[in-house]
Amino acid sequence: MTTTPTSTRPAVRRSRGLQASRTRVALLLLVPMLLVLAAVAGYPLLRTIYLSFTEYNILQDPAPKWIGLGNYWFTTDEGVGLGVLQTPEWWQSVWNTVRFTVGSVLLETMLGLAFALIINSKIKGRGLLRTAILVPWAIPTVVSAQMWNWMYNDSFGIISQWGQRLGLLQTGQSFLSNPDTAMAALIAVDVWKTTPFMALLLLAGLQTIPSDMYEAADVDGASPWTQFWRLTLPLLTPALLVALIFRTLDALRVFDMPYIVKGNAPETMTMSIYARQQLILNSQFGFGSAISVMIFLIIMIFTAIYVTSLRVKFD
Amino acid sequence: MKKAATLVSLTAAFALSAAHAQGVTLTFACDSVGQGYDECKKGADAWAKQTGNSVKLLQVPKETDQRLALYQQQLGAKSGDVDVYMIDVVWPGLIGQHLVDLKQYIPQSQISQHFPAIIQNNTVNGKLVGMPFFTDAGVLYYRTDLLKKYGYAGPPKTWNELATMAQKIQAGERKTNPKFVGFVFQGKNYEGLTCDALEWINSFGGGTIVDPSGKITVNNPKAVAALRTVQAMIGTVAPSAVTTYGEEEARNVWQAGNSAFMRNWPYAYSLAEAPNSPIKGKVGVAALPAGPGGKPAATLGGWQLAVNAYSKHPKEAASLVQYMTSAQEQKRRAIQASYNPTIASLYKDPQVLKAVPFFGSLYEVFTNAVARPATVTGGKYNEVSNAFSTSVYNVLTGKSAPDAALKSLESQLARIKGRGW
């Protein structure tokens with residue numbers, strides 16, 4: 001990933017002037033991109049961090065008022081905690097998001113791997129199959145979420161009808177309305193939608209494995225089972241980790257699907273839905289920004305874990 | 001001959017487009033629940049034809065919270081993209097400073113035709129920020145045919161009666177219709193649940209969450225009893241999935257003939273009585289039941305038309321508002337779509353009463369509706385309402401007990417109140 005200093009040092013010594021001018025040109029060419037990045041990513045991020053230290057109701061306060069860490073941790077004289085870290089709703093939303101992420105990413109990885117293996121094998125109608133599994137991924141989330149919402153509807157929905165016929169549900173019950181099964185119902189929607197994406201990423205990884213390795217394994221008499229565990233999986237690991245990072249980060253900031261299906265229901269409120277409620281609905285820009293910063297930190301921790309584990313694998 | 005005809009029609013077309021060019025185009029964020037969009041369009045088009053302007057009607061979200069979130073962003077950014085907004089009765093305190101004072105455009109004689117309480121609600125710091133468009137109050141819908149079939153003379157007077165009746169009708173109807181439920185209402189965690197739950201609590205004599213002086217009163221034994229009564233209905237006479245219902249989800253179940261009772265707003269009446277409705281001619285409307293020792297309560301709803309302070313055409317926008325809220329247009333909307341007028345004299349109009357009989361019989365309900373604590377909590381109303389509806393939602397889903405939920409709500413509200421509303 002990074003070039004080690006030992007390999008470049010002699011080159012630098014030999015042609016310092018040329019190298020330096022090259023670096024200058026490279027920097028010059030990079031400037032527009034860095035400026036754009038600073039404008040669209042850097043400024044909003046810094047602004048959010050700044051706002052998180054202020055009290056600012058966008059509809060009423062003329063300007064943000066600096067309150068330091070008050071949005072994160074503040075206890076009034078009566079002993080009431082006002083900071084986001086003292087708010088049970090926040091921790092509930094963190095817990096919901098973690099449950100959603102672990103559940104959906106695990107299932108998507110396993111199913112995606114299975115699909116990728118099937119599509120990668122030389123079976124008839126493979127092209128058609130590849131196109132077919134992409135359909136859920138191609139449907140806009142708003143549309144598919146609303147579609148599932150209807151399928152879950154207790155009175156008209158097909159899933160509730162099956163559930164009632166199988167005796168899993170009473171009349172007027174649905175998997176969404178029961179707070180104990182609501183999260184599982186949402187994970188099912190996400191798995192349906194995102195497994196194709198996972199399968200595609202893993203398929204790309206599978207196709208980089210040279211086929212002669214399998215031929216050699218066949219000659220050695222390794223069973224398909226052994227081939228999978230000793231050959232396919234180790235060689236697929238880099239692709240698998242990249243896919244995992246993508247999905248985990250996506251799942252951690254999930255907003256659209258759960259919001260469309262369940263709205264502000266506390267048992268399925270994710271971190272992003274909670275942030276939106278405070279920022280947009282309650283127009284608390286200070287408090288809402290503090291939540292956004294917390295989400296940013298949490299996602300950063302996950303990224304750091306993944307990136308370090310990736311590097312270990314590569315070395 | 002042919003040439004002359006072409007010439008005439010061409011001239012006419014030019015004349016028309018010239019007239020259009022003179023007028024302005026207003027953007028109007030109106031309604032989307034039930035036949036809201038179509039009814040707004042009819043009125044706006046009539047005004048446009050009369051004045052030579054044109055109106056672009058926006059598709060707005062169905063639920064009031066989502067509309068507010070959208071409009072708050074637009075107004076917070078001082079955007080003039082939308083000229084006229086339809087605003088909820090609880091919003092004047094929240095977004096009033098971004099709206100035009102309509103007193104400078106609309107004559108006092110027309111303002112004073114409307115219910116004084118609503119005009120007062122829409123007046124913020126001496127500014128009239130919205131003209132009353134239609135008022136709303138929660139009512140109980142019931143199936144007249146089913147009440148008769150199971151031997152009931154009239155609609156229930158108390159919540160316990162409602163539960164007993166719904167239970168009996170549901171048990172009987174399920175033999176032929178397995179989807180049948182007793183009672184549906186708005187149980188999803190949003191502003192609609194705040195309205196419904198305020199009715200339960202208030203009809204038990206449990207107050208209005210925060211009293212007019214600003215004191216948090218929600219944690220009281222009567223409110224606990226109210227929530228306990230409703231909690232017991234979930235899964236027995238009301239479907240458990242009522243916690244995923246907004247207005248339209250409840251109406252879908254009711255209008256398909258799958259429910260004996262429904263709590264909803266008056267707009268549902270004309271839809272249920274429409275020619276293609278399965279329950280046409282079987283719809284009764286009554287005041288909501290009361291708790292033991294309490295009296296019926298209906299939450300005050302209703303919508304106002306307001307002009308965006310950042311609009312480029314405030315004069316034309318105010319003229320549209322004036323037309324849409326006039327007695328003539330309100331009468332048309334009452335007759336065709338059962339929207340409650342905000343002008344007292346229309347409740348005595350024979351044509352209106354013929355189209356919507358309960359406007360006469362429930363006049364008291366509409367004029368005595370209970371207001372949500374929006375005025376006293378001002379800019380913090382949304383947070384109060386969120387906290388309240390979430391607590392009630394947790395009671396409905398069985399996640400918390402009524403007394404514990406209200407106790408923690410009380411401290412949550414104290415936290416929101418901070419040093420004062």
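The values are calculated or read from the model by the stated rules, or taken from the named source; none is laboratory data. Source: prediction; values computed, not measured. Cβ coordinates were reconstructed from backbone atoms using ideal geometry, including for glycine residues, and neighbour counts include every protein chain displayed.
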- Hey, can you tell me all the residues within the stretch B:102-125 that are surrounded by fewer than 18 Cβ atoms within 10 Å (Cβ to Cβ) and touching a strand residue (DSSP E or B) at 6+ places or on another chain (Cβ under 6 Å)? B:Lys103
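Select from the stretch B:37-81 the residues that are closer than 20 Å to B:Asn264 by Cβ, surrounded by fewer than 19 Cβ atoms within 10 Å (Cβ to Cβ) and touching a strand residue (DSSP E or B) at 6+ places or on another chain (Cβ under 9 Å) and list them in ascending order.
Of the residues in the stretch B:37-81, the ones closer than 20 Å to B:Asn264 by Cβ are B:37-40, B:60-67.
Filter once more, keeping what is surrounded by fewer than 19 Cβ atoms within 10 Å (Cβ to Cβ): B:37-38, B:61-62, B:66.
Matches in the stretch B:37-81: B:Tyr37 only.
Could you please let me know if A:Thr194 is of a type outside the set (Phe, Trp, Tyr), buried (at least 19 other Cβ atoms within 10 Å of the Cβ) and in contact with a strand residue (DSSP E or B) (Cβ under 8 Å, 6 or more places away or on another chain)?
On the way: of a type outside the set (Phe, Trp, Tyr): yes; buried (at least 19 other Cβ atoms within 10 Å of the Cβ): yes; in contact with a strand residue (DSSP E or B) (Cβ under 8 Å, 6 or more places away or on another chain): no.
For A:Thr194, the condition - of a type outside the set (Phe, Trp, Tyr), buried (at least 19 other Cβ atoms within 10 Å of the Cβ) and in contact with a strand residue (DSSP E or B) (Cβ under 8 Å, 6 or more places away or on another chain) - is not met.
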- Task: Mind counting the residues in the stretch A:138-179 that are under 23 Å from the mean Cα position of the chain (by Cα), within 11 Å of another protein chain (Cβ to nearest Cβ) and without any contact (Cβ under 8 Å) to a residue 60 or more places away in the chain?
- Result: 0
- Can you name the residue in the stretch B:368-416 that is more than 24 Å from B:Gly301 (Cα to Cα) and among the charged types (D, E, K, R) and is also farthest from the other protein chains (Cβ to nearest Cβ) among such residues? B:Asp403
- Out of curiosity, is A:Ser223 within 11 Å of chain B (Cβ to nearest Cβ) and over 25 Å from the mean Cα position of the chain (by Cα)? no
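Within the stretch B:211-254, restricting attention to residues that are of a type in the set (D, E, K, R) and part of a helix (DSSP H, G or I), which residue is nearest to A:Thr171 (Cα to Cα)? Give the steps one after another, and end with the answer.
Kept after step one, since they are of a type in the set (D, E, K, R), are these residues of the stretch B:211-254: B:211, B:215, B:222, B:228, B:247-249, B:251.
Next cut, part of a helix (DSSP H, G or I) only: B:222, B:228, B:247-249, B:251.
Values: B:Lys222: 31, B:Arg228: 22, B:Glu247: 20, B:Glu248: 19, B:Glu249: 16, B:Arg251: 18 Å.
Going through the qualifying residues, I end up with B:Glu249.
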- Query: What is the number of the single condition among (1) farther than 24 Å from B:Gln186 by Cβ; (2) of a type outside the set (Gly, Ala, Ser); (3) in contact with a Ser or Thr (Cβ under 7 Å, 6 or more places away or on another chain) that B:Thr342 does not meet?
  - Reply: (1)
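So, in the stretch A:186-211, how many residues would count as being out of contact with any Asp or Glu (no Cβ under 7 Å at 6 or more places or on another chain) and of a type in the set (S, T, N, Q)?
Taking the stretch A:186-211 as the starting set, the residues that turn out to be out of contact with any Asp or Glu (no Cβ under 7 Å at 6 or more places or on another chain) are A:186-190, A:192-193, A:196-197, A:199-211.
Of the ones still in play, those that are also of a type in the set (S, T, N, Q) are A:207-208, A:211.
Residues in the stretch A:186-211 being out of contact with any Asp or Glu (no Cβ under 7 Å at 6 or more places or on another chain) and of a type in the set (S, T, N, Q): 3 in total.
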- Query: Residues that are out of contact with any Phe, Trp or Tyr (no Cβ under 7 Å at 6 or more places or on another chain) and under 15 Å from B:Asn308 (Cβ atoms): which strands (runs of 3 or more DSSP E) entirely in the stretch B:24-126 hold 2 or more of them?
  - Reply: B:25-29
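Out of A:Asp212, A:Asp190, A:Asp250, report the one residue that is more than 14 Å from chain B (Cβ to nearest Cβ), part of a helix (DSSP H, G or I) and modelled with pLDDT under 90.
Numbers: A:Asp190 fails: modelled with pLDDT under 90; A:Asp250 fails: modelled with pLDDT under 90.
Result: A:Asp212 is the single residue among A:Asp212, A:Asp190, A:Asp250 that is more than 14 Å from chain B (Cβ to nearest Cβ), part of a helix (DSSP H, G or I) and modelled with pLDDT under 90.
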- Message: Quick check on my filter: what residues within the stretch A:102-137 are assigned to a helix (DSSP H, G or I) and among the β-branched types (Val, Ile, Thr)?
- Response: A:Val102, A:Val105, A:Thr109, A:Ile118, A:Ile119, A:Thr131, A:Ile133, A:Val135
